[in-house]
Each structure stands twice: as structure tokens, then as C-alpha cells.
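Asker: Could you have a look at this structure, given as C-alpha cells, before my questions?
The values are calculated or read from the model by the stated rules, or taken from the named source; none is laboratory data. Here the structure is a predicted model, which means the values were calculated and not measured. Note that each Cβ is placed from the backbone with ideal geometry, even for glycine, and that neighbours are counted across all protein chains shown. These accessible areas exclude ligands, DNA and RNA; they are computed on the full protein's heavy atoms, side chains included. Shrake-Rupley method; radii C 1.70, N 1.55, O 1.52, S 1.80 Å.
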Amino acid sequence: VQLQASGGGLVQAGDSLRLSCAASRRTGTNNAMGWFRQAPGKERDFVATISWNGGISNYADSVKGRFTISRDNAKGVTYLEMSSLKPEDTAVYYCAVGLRAFAGTAPKDYRYWGQGTLVTVSS
């Protein structure tokens, strides 16, 4: 399984951006999906997760109210809508397939990982 994350780029503080994560084949439709991010010199941090059917989502406190995770199982794509971006949101963003229908906030709760897409927010 390959995950292709896209949509990153250079934006200004306050701007919006939408990330996409496409699976190479229809896998993960029975699994949760998650987004993580890793800033230079820091650990990979949880951003958001969504259950297998999109019914339940969970967010890191730092992005609540600004980011929205969603999925289209028919297309095999998971999205991360980001608004009111801040310089501290600058990181490489990774998508991942959860081990189960509902996943937690730890990287160990996920298996397949995408290659990451860079988001840079200037002040």
C-alpha cells in the first residue's frame, strides 16, 4: 500500500490550505486514517484522526477549531482542511492508515505511512 500526500506549500499566516492523502488502492476503507506532522528537530506529533466511516474525528488541541479532517472512501482519499494557519504549523505533514476502525493519537496506532508533504507558514 502506498499513500500519496499532497497539497503542501508556502503560505502566509492566516491563510488556508487543503492537504490530500490518496491510497494506491482501496485499502484502509475499514480503517481509521490519521494526519501527523513533524517540524525540524522535533518528534512526529498527532494532528487529527478520523474513524473508518468518518463518523468520529479527534484533533490535537493545537489545531482544534482550525483544522478539519474528512474522508471520501469511494475515492480512497483523506483530506485535512487547514485554516487560520500559524507559523508554528510549519512542518512536514504525514498521513497514515490506522490499525483499526478507530485509532488513537500515537504513531504506534498506525501502520502504512505516506511520504509527507511540506507546509511552510510565513509570518
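Asker: Given the options SER70, SER24, SER51, state which has the largest fluctuation in a GNM of the chain using a 10 Å cut-off (strictly under) for Cα springs.
Answerer: Of SER70, SER24, SER51, the Gaussian network model singles out SER24 as fluctuating most.
Asker: Considering only protein heavy atoms and a probe of 1.4 Å, how much of the accessible area of the chain is carbon and sulfur, as a whole percent? Walk me through the intermediate numbers first.
Answerer: Working: 2880 of 6230 Å².
The value for the chain is 46 percent carbon and sulfur by accessible area.
Asker: So for the pair ILE56, LYS86, with labels modelled 7 Å out along Cα→Cβ, what separation do we get in nm?
Answerer: 2.8 nm
Asker: Solvent-accessible area per residue for the stretch 47-123 at a 1.4 Å probe radius, Å²?
Answerer: Details: 3640 Å² over 77 residues.
The answer is 47 Å² per residue.
Asker: State the extension gain, in nm to one decimal, for the chain segment bounded by ASP72 and ARG18, taking 0.36 nm per residue of separation less the distance between their alpha-carbons. Walk me through the intermediate numbers first.
Answerer: Working: separation 54, 0.36 × 54 = 19.44 nm, distance 1.42 nm.
Extending this stretch completely gives an extra 18.0 nm.
Asker: Report the relative contact order of the chain, percent, no decimals, based on alpha-carbon pairs under 8 angstrom and at least 6 residues apart.
Answerer: Numbers: 324 pairs, mean separation 44.8, N = 123.
Worked out over the chain, it gives 36 percent.
Asker: If you stretched the chain out fully between LYS64 and GLU43, how much longer would it get, using 0.36 nm times the residue separation minus the C-alpha to C-alpha distance? Don't skip to the end; give the middle numbers.
Answerer: Numbers: separation 21, 0.36 × 21 = 7.56 nm, distance 1.97 nm.
Gain on extension, LYS64 to GLU43, equals 5.6 nm.
Asker: Kindly give Rg over Rh for the stretch 1-73, based on alpha-carbon atoms, with the Kirkwood expression for the hydrodynamic radius. Intermediate values should be presented prior to the final figure.
Answerer: On the way: Rg = 13.1 Å, Rh = 13.6 Å.
Ratio of gyration radius to Kirkwood radius for the stretch 1-73: 0.96.
Asker: Subtracting the Cα-Cα distance from 0.36 nm times the residue separation, let me have the gained length for GLN2 to THR120 in nm, one decimal.
Answerer: Values: separation 118, 0.36 × 118 = 42.48 nm, distance 2.41 nm.
Separation in residues times 0.36 nm, less the Cα-Cα distance, equals 40.1 nm.
Asker: While we're here: Out of the trypsin sites (Lys or Arg not before Pro) in the stretch 37-92, which ones are loop residues according to DSSP with at most 15 other C-beta atoms within 10 Å? Display every interim value, and only then the final one.
Answerer: Working: sites: ARG37, LYS42, ARG44, LYS64, ARG66, ARG71, LYS75; in loops: LYS42, LYS64, ARG66, LYS75.
Answer by residue number: LYS42, LYS64, ARG66, LYS75.
Asker: Comparing VAL11, VAL77, VAL47, which has the greatest mean-square fluctuation in the GNM of the chain with Cα pairs linked when under 10 Å apart?
Answerer: Per the Cα network of the chain with a 10 Å cutoff, VAL11 tops the list.
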